[in-house]
Amino acid sequence: MEKVTKPRIKLLAKGGKFTAKQMEAKAGELLPKHIANMESVLIVLEGACVLALAGTDHSLKQGDSFIVPPEIKHQIKAMDDFKAVHVMPNDIEFQFFE
């Protein structure tokens, strides 16, 4: 079983309806499995990752974006040193799993 690591998060902007956060992880880090009650957008700025979502692995690299649907467990593994922007509604709620 791989060790789960919390991503490094930095608030970039917050408006009346949306928040943008920068997320970073080192190559090989596995981020926490979670579910959200609303959809969000992941935009990869640097590196590469695999987004495991509903039994399917999605390989994402610099310049890629992905709409993460609500109510589906998902998890990210950084393949290279990884940096992304995560854009989400302000009232999004997350539930994390071990």
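The values are calculated or read from the model by the stated rules, or taken from the named source; none is laboratory data. These numbers were taken from a predicted model, which means no experiment stands behind them. Note that we place each Cβ from the backbone using ideal geometry, even for glycine, and neighbour counts take in every protein chain shown.
Let's see how each residue does on (1) within 17 Å of Val4 (Cα to Cα); (2) surrounded by 13 or more Cβ atoms within 10 Å (Cβ to Cβ); (3) touching a Lys or Arg at 6+ places or on another chain (Cβ under 7 Å):
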| site | (1), (2), (3) |
| --- | --- |
| Phe18 | no, yes, no |
| Lys21 | no, yes, yes |
| Glu24 | yes, yes, yes |
| Gly28 | yes, yes, no |
| Leu53 | yes, yes, no |
| Gln75 | yes, yes, yes |
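Exactly one residue out of Ser65, Ser59 is exposed (fewer than 13 other Cβ atoms within 10 Å of the Cβ) and touching a Leu at 6+ places or on another chain (Cβ under 7 Å): that is Ser65. Listed conditions (1) under 12 Å from the mean Cα position of the chain (by Cα); (2) modelled with pLDDT under 95 are all met by Leu42, apart from (2). Taking the numbered list (1) in contact with an Asp or Glu (Cβ under 7 Å, 6 or more places away or on another chain); (2) surrounded by 16 or more Cβ atoms within 10 Å (Cβ to Cβ) in turn, Met88 passes all entries but (1). Restricting the stretch 1-15 to residues that are in a loop (DSSP other than H, G, I, E, B) and exposed (fewer than 13 other Cβ atoms within 10 Å of the Cβ) leaves a set whose member that is nearest to the chain's Cα centre (by Cα) is Lys6.
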